[in-house]
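Below is one structure, written out as structure tokens, with a few remarks after it.
The values are calculated or read from the model by the stated rules, or taken from the named source; none is laboratory data. Computed from a prediction, not measured in an experiment: that's the story for all the values here. Note that each Cβ is placed from the backbone with ideal geometry, even for glycine, and that neighbours are counted across all protein chains shown. Note: areas computed on protein heavy atoms with side chains; ligands, DNA, RNA excluded. Shrake-Rupley method; radii C 1.70, N 1.55, O 1.52, S 1.80 Å.
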Amino acid sequence: MSVMALAKALGITLRHFFSKPVTIPYPDAPVPLKPRFHGRHVLTRHPDTGLEKCIGCSLCAAACPAYAIYVEPAENDPENPVSIGERYAKVYEINMLRCIFCGNCEEACPTGAIVLGYEFELADYRYSDFVYTKEDLLVDTVGSKPQRREAKERKKPVKLGFEVPYVRPELEGVKYE
Amino acid sequence: MVKLRINDREIEVPEGTSVLDAVFHAGYDIPYFCSERHLSPIGACRMCLVKVGTPRKGPDGEWIKDEDGRPKIFWFPKLMAACTTRVSEGMVVDTLADEVKKAQAGMVEFTLENHPLDCPTCDKGGACELQDRAYEYGLFEKYYTETQNGLKKVLYSRFEFTKRHADKHHKLSEFIVLDRERCIHCKRCVRYFEEIPGEEVLDFIERGVHTLIGSEEWPLPAGFSGNITDICPVGALLDLTARFRARNWEFEKTPTFDLTDAAMSAIWVDSRSGKVERIRAREHPEVNEIWISDAARFGHGWTKEGRLSRPLLRKDGALVEVSFEEAAAFLSERLSGVRPEAVGLYLAADGAMEEGYTFAEAAKGLGTAHFGFENATRFPVSALPAASFADLLASEFALVVGDPAEEMPVLYLRLQEFLKGITPAPRYFHGTPIADLRLEERMPRRPERLATFAAYPTRLFAFAGVRGVYAPGSVAALFEALLAAMNGKRLPEVPGVSEEAIREAARRFLEAEARTIVVGAEVLDDPEAAQALSEIARAKGAHVIAMPPAANARGLELTGLFPEKGAGFGEPGAEVVFYYGATPPAEALRGARLKVFALPALDALAKAEADLVLPAKTYYEKRGLVLNAEGRLLELRPAPTAPASAMDGIEALAFVLEAFGKRVPARSVLEARTRLHERLKVPLELPEEGTLFRPRVRLGARRGGEGGGSLYLRPTMWRARMLKDERVRRALGEPRLYVHPETARAEGLSEGMRVEVATPYGQTPAVVALDERIAPGFFQLPAFGRGTGRRVAHRILVPSGGAA
Ligand code: SF4
Ligand code: SF4
Ligand code: SF4
Ligand code: FES
């Protein structure tokens, strides 16, 4: 082994020692995500009427390879509808422990209601806490269950650990400050 | 038999077979929408077009030959509807030709043209014939065309056109909703009503693209209406009890049998998340074909209401949930020192034979004479030889005493077949013929084949050549008179029925070669009448189909649960009573010191009287054997809907006996069945469709319990427990108290008056309805499965301001 080689190798080390690091000091700094990242699902609404897009058809549940989704539909009260049309999802649950974030549910959804978002910080303690219900998934909810719990306890807004250059248009109504 | 060729296969089918059935028999598939089993083929949808050719005979009577010397095939100039074309000798059918494929794809597209894109919200989705046929035969491949750069371009789309719009939410009754946009005009529902229950209520209105299904009536006549939701090929007619409960592929589908009535129709129990959500008819060609009654289909709501999952114990006057240990401790404390002979063990009418066996054996072990099952008739139904519905269809004359439309609804539909003279169809490779060319629209009924008598004008009266309304309680006189008329003797008087009618019925009965007598609960409850009936059947030769008010009466009697002497179900006498699955009239608890029930949910009596209530299963959730009215042994399969701790009769009885420190005859269904196998030669393994099982039974009629009040309880297909469901109550409306106008005048009642009727089964509100066709001196009230066909004591209370 020549001295030259040794110097070259040391040179690489030294160069990187003084260049800008690629590691991200997460959680102190946000992770930059690509717009098509597959994270926690969002149930979107029609922006004009505010009605839920989901019609409770269970096609997402049928398409899911991990059997992570449970939908229980019900009939809309015509006076006070939850969604457009006759039917809405009374119960909509995704078990995040089962989900493999494949996005098949999004592909299957005829109304574009269920869309995979960006949140990935889902770690929690109890099995039941991984079952995300409608209120955890609907579009205005920001943060995962543990994040929202923590935010409530500390009386501070939810702190998200990522940033995206833009929110893809399927995530209608999703905004990150 | 006729020989013909389907594509490459030579087959032989009976004369009169349709090409459609021949194609399926040969193992090929063609799409169809308008044909349906047991309905007349009408060729409305043009979906089944195939290429058909036949050889032809020349003037010399010989087949015209082609060059090769084989009979020359003359193809029909156009494609033929397979469902309305009859097979003929030497016929050749081509279902795979390009022109056939083109026609099929074209027809699918035409049908879809005006079909809304509702699949995601439609309850038929996933089990829809239109979806399936569109997928299999539609134009899918040809939607796209390749462009130069290799990309596919949409050529034509089903979504481009403006669709027809129509009423999307048209309720036909409390149970059925019609979506007129989805209707594809197959006419199955229209034909169903006319051909199966024999009531023309639905029809097409308007023409062409504006055609819609409509009815003059609201609601649709209850009874058999639900079957249209099964046969509608699309989601135009849907079951409201299951509306939006789940998608078709999400249901747990359990094939079992319905125990609402003794015919025991085959059903599918569709459940999800531990709840019964929907009941559908399942095909049993010999019993219910593909039909079930509305009560069997829509009356499942009670299985969800207030289900018990833990024992309830009375503490300081109120029932509170306790653990099983505490319940057992309570029982053993209260049972210590009780004389075993003073214990009464009672089972519901829908108990399985294994449960019946365990109850009967336990009673024997205790040495008690108090046992029995709900709605047992005074004359044991198994003392009458059993006959099949097929025997009825093979008969020429039927004498019906009772109301089959309510007592055994499926038999009513079979009687309609009998009236039209339809015999069972030949079976094909694919089962029942889909397009049976023997069937036609508006086939004449033959009233000369039927004589019917009942305590009120029944649905069957419209179709009977001889009919009569007798006064409740005179069935014995009726049968004696019939016997006397057959023997040419002087007739005893039958209140309400003319001598002519009896003579005419007897004459027609004797003239027919093969006869069937159908009798209801009222006859079975009158040993004298049942004796006279057996006498007629034996001496003159007739099949007898009895309609016992307890669904599994034959099975339970066979296991020995028919009491000879002691207090039966609903009779006071025992000091400690255990009722499984049903509660008796309050009167039966008189003198009982300890009252233990096992029920799926509390009812009024249990709430007021029970000391301990154990959680029980419903018959949808049990495993076990049952014996239907024809003597057909069937096996129940459990749907996964019972709360985890709900007990079947065997478990609940073992729980009680153990607390009592007595021997437990069997601890599981399997053990009880093995005993039944040893004792009665009951087969251990049963084919899916059951098997005829008709051992000889020696049982005597029970004495006492004649009742003899002036309130007659009319048979109903609906059961009291079903009334827990708000929708059922809305559909049935308030119960009617039928009275003859004369009696009404004497009692100060008038049409439409609201009253309260106190019966042994509790107090119920009712609306007075005057009917001059029924016998004066009596009141008639729907029984809802309790005391069917009996006469009981009652009081009519007129609330203040109750006048109409
Ligand atoms: S992303 Fe995939 S695994 Fe997760 S819920 Fe959707 S379909 Fe199921
Ligand atoms: S999210 Fe979409 S696919 Fe899932 S039930 Fe709702 S509408 Fe249907
Ligand atoms: S409602 Fe259904 S069964 Fe009736 S004609 Fe329309 S598609 Fe056929
Ligand atoms: S035309 Fe409808 S099935 Fe033949």
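Under the Kirkwood approximation applied to all pairs of distinct alpha-carbon atoms, what is the hydrodynamic radius of the range A:21-104 in Å? Averaging 1/r across every pair of different Cα atoms and inverting gives 15.2 Å. A full extension of the chain between B:K304 and B:R679 corresponds to an added length of 131.3 nm, given 0.36 nm per residue minus the alpha carbon distance. When a 1.4 Å probe is rolled over the protein heavy atoms, the share of accessible surface on the range B:2-109 that falls to carbon and sulfur comes to 48 percent. Pairwise Cα distances in chain B exceed 38 Å in 46 percent of cases. Interface of B with A. Using a 1.4 Å probe and counting protein heavy atoms only, the two chains hide about 1200 Å² of accessible surface, both sides summed. Please state the shape class of the range B:271-408: rounded when a/c is under 1.5, otherwise prolate if a/b exceeds b/c and oblate if not, all from the C-alpha gyration tensor. The shape class here is oblate. One chain, two ends: B:T691 and B:R773. Fully extended at 0.36 nm per residue, the span grows by 25.3 nm beyond their Cα-Cα distance. Sorted from greatest to least, the principal axis extents spanned by the alpha carbons of the range B:250-310 come out as 40, 25, 18 Å.
Along the Cα-to-Cβ line of A:D28, 7 Å from the Cα, sits a label point; which residues in the range A:141-168 have backbone N less than 12 Å from it? Answer for the range A:141-168: none. Rg and Dmax of the range B:1-100, both derived from C-alpha coordinates alone, stand at 13.7, 43 Å.
Taking only the alpha-carbon positions of the range B:711-797 and ignoring solvent, what does the Debye formula give for the base-10 log of I(q)/I(0) at q = 0.26 Å⁻¹? Debye intensities relative to I(0), on a log10 scale: -1.44. Please label the shape of the protein assembly as shown as rounded, prolate or oblate, based on the square roots a ≥ b ≥ c of the eigenvalues of the alpha-carbon gyration tensor (a/c under 1.5 means rounded; beyond that, a/b larger than b/c means prolate, else oblate). Verdict is oblate for the protein assembly as shown. Rolling a 1.4 Å probe across all protein chains gives B:K65 an accessible area of roughly 100 Å². A Stokes-Einstein calculation at 25 °C with viscosity 0.890 mPa s, built on the Kirkwood radius of the range B:485-549 over Cα pairs, returns a diffusion coefficient of 193 µm²/s.
Scaled to the globular estimate 2.2 N^0.38 Å, the Cα spread of the range B:381-546, given as radius of gyration, is 1.04.
What shape does the range B:637-727 have by the C-alpha gyration tensor, where a ≥ b ≥ c are the square roots of the eigenvalues, rounded means a/c under 1.5, and otherwise prolate means a/b greater than b/c and oblate the rest? It comes out rounded by the Cα gyration axes. Within the range A:3-163, the ratio Rg/Rh, alpha carbon atoms throughout and Rh by Kirkwood, equals 1.17. Our note on the geometry: Cα centres of the range B:590-617 and the range B:17-43, 53 Å apart.
Here's the picture: charge each Lys and Arg Cβ at +1 and each Asp and Glu Cβ at -1 in the protein assembly as shown, and of B:Y428, B:A295, B:A646 the one pushed furthest to the positive end of that dipole is B:A646. The helix-based estimate of mean residue ellipticity at 222 nm for the protein assembly as shown, built from -39,500 (n - 2.57) per DSSP H run of four or more residues and divided by its residue count, is -6500 deg cm²/dmol to the nearest 500. When all alpha carbon pairs of the range B:170-302 are counted in 5 Å bins from zero, the resulting P(r) reads 2, 10, 20, 24, 20, 14, 8, 3, 1, 0 %.
Taking only protein heavy atoms and a 1.4 Å probe, what accessible area per residue, in Å², does chain B have with all protein chains in place?
Values: 31920 Å² over 804 residues.
Roughly 40 Å² per residue, with all protein chains present.
By the Cβ rule of 4.7 Å, chain B holds the following cysteines without a possible disulfide partner: B:C48, B:C83, B:C119, B:C122, B:C128, B:C183, B:C189, B:C232. The spacing between the range B:194-211 and the range B:280-310, judged by their C-alpha centroids, is 27 Å.
Each part reduced to its alpha carbon centroid, the range A:23-75 and the range B:499-570 end up 65 Å apart. By the Cβ distance rule (another cysteine Cβ under 4.7 Å), the unpaired cysteines of chain A are A:C54, A:C57, A:C64, A:C99, A:C102, A:C109.
Note on A:L138 and B:E321: the model spin-label points, each 7 Å out from Cα along the C-beta direction, lie 2.9 nm apart.
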